[in-house]
Amino acid sequence: MSILMAVIVFSLLIFIHEFGHFILAKKNGVKVIEFSIGFGPRLFSFTKGETLYSFKLVPFGGACQMLNKELLSEEDRTSEDLSRAFESKSVWARMSIVLAGPIFNFVLAFVLAVVVIGVVGYDKPEVTQIESGSPADIAGLKKGDVITSFNGANIDISRQIYLEQFANPISEDVVVITYMREGEEYRAEIKPEYVERYVLGFTYSSQSEKVEIIEISEDGPLKEAGAKKGDIIKSINDNEFASSSDFVEYLSKNAFDNEELNIVLLRDDEEIKRDVTPVFSSGGYSLGFSYNQGRVETDAIGVLKYATVEVGYQISTVFKSIGMLFTGQVTVKDFSGPVGIVDYIDTAYQESKSDGVLYIFLIIANLTMLLSANLGVMNLLPIPGLDGGRLLFQVLEVIFRRPVKHEEYFHLAGMVLIMLFAVFVLFQDIFKLF
């Protein structure tokens, strides 16, 4: 099932991208020789009009092959209408054809974002917890405040806060936050403090009624103490939690350290008592507040707004990741190719299949949206062999009023490098599985 879902996801992404090129090629009078999904030997094909439509053995690829007079033999040139070749069209027509692929990927990402947000909502950037005496508490931040700006970066969804902190880790420098409270905008300058973080090794939803363990670390203290996914944390050190908000309130006043905790779990209405010692997780600078990680519903206008925000967030994530490559915050080893994505789909499917078809669909739709936005951005990078590389040469053609000589050799060299990188990522993904 996971392999089938991966094939569907990749085929959809490729189809949409190549369909964009196809539609604009037809619109501009360019002859499309073949429109294919996949690469390698043809599994089956059919001809409609002047175009061969084919499905090939390996589903991770595709092409919209247009008439290219540079690749025609002298004999073929006499039999073809060369006015319908890609190179014969105006530079603006060629630009529109090249841009159509990535743009269609962004459109697909937007449509899927509308579906996902329409069903489960968006992650509202609302403060859910303030640690007593922390820098955020001293600066006046309160539970329920909605963050609108973080160190100058506009904030519409919670994940944008995470992205800013990941791309620009908090240090001893002052962090400037703007937020809304009861319709009024406020500004806070927060001086981070260095703290050591201890954890029990589990996650829960701050939106649920009970403190239910929804994920548990395999090597975490709770797992080693016998806790399981689905257990309810009833109390810690005789502090009972009637709801998850009680637990949030408890954490705001009782940060974990290396002291042993007496925890009472509920499993099938049976109480399980365990003594658990949190483990050191990390040390670093902290602002002393937590924000919403769940989803809240919105109206129709909000769905369209946050779908646009979602696509923008995915695009900015790609650019920030590329920037972090140059700063050393991430490396090429952090990239995943088709094998890694298939493994991720399999993991997501196995973990969510018990939650029903709708939940599985939403996870796959969300992943497809992410990949589609990523594919759109990556194809626009000014690298020969990619759409962005072709667009770069077309821009140079506009500037210098003539085509760049031997452009095809640049694209050939670019494709060779891209294929070598793809092979590197493929083997890296395979090694990660072992």
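For this structure, a couple of remarks:
- Residue match in segment 85-100 (condition: under 31 Å from the mean Cα position of the chain (by Cα), outside the structural domain of Ser372 (by TED's automatic domain parsing) and not aliphatic (A, V, I, L, M)): yes
- Selected residue (criterion: farthest from the chain's Cα centre (by Cα)) from residues of segment 262-292 that are surrounded by 16 or more Cβ atoms within 10 Å (Cβ to Cβ) and in a loop (DSSP other than H, G, I, E, B): Pro278
- Highlighted here are the strands (runs of 3 or more DSSP E) found entirely within segment 105-191 that include at least 3 residues which are in contact (Cβ under 8 Å) with a residue 60 or more places away in the chain: 127-130.
- Residue within segment 213-236 that is at pLDDT 85 or above, outside any strand (DSSP E or B) and in contact with a Pro (Cβ under 8 Å, 6 or more places away or on another chain) present: yes
- Selection within segment 25-38 - more than 23 Å from Phe60 (Cα to Cα) and part of a helix (DSSP H, G or I): Lys26, Lys27
- Pairs, first over 29 Å from Ala6 (Cβ atoms) in segment 53-73, second at pLDDT below 90 and of a type in the set (Asp, Glu), C-beta under 8 Å, six or more apart: Leu67/Glu80; Asn68/Glu87; Lys69/Glu80; Lys69/Glu87; Glu70/Glu87; Glu70/Glu408; Leu72/Glu80
- Test for Glu310: is it of a type in the set (D, E, K, R), at pLDDT 80 or above and farther than 27 Å from Phe15 by Cβ: no
- When segment 207-224 is filtered for residues that are surrounded by fewer than 18 Cβ atoms within 10 Å (Cβ to Cβ) and of a type in the set (Gly, Ala, Ser), the ones remaining, listed by number, are Ser208, Ser217.
- Number of residues in segment 269-308 that are in contact with a strand residue (DSSP E or B) (Cβ under 7 Å, 6 or more places away or on another chain), closer than 28 Å to Leu141 by Cα and among the charged types (D, E, K, R) equals 1.
- The single condition from (1) more than 29 Å from Ser88 (Cα to Cα); (2) touching a residue at least 12 places away in the same chain (Cβ under 8 Å) that Asn28 fails is (1).
The values are calculated or read from the model by the stated rules, or taken from the named source; none is laboratory data. Please read all numbers here as calculations on a predicted model, not as lab measurements. FYI the Cβ positions are ideal-geometry reconstructions off the backbone, even for glycines, and counts take in every protein chain you see.
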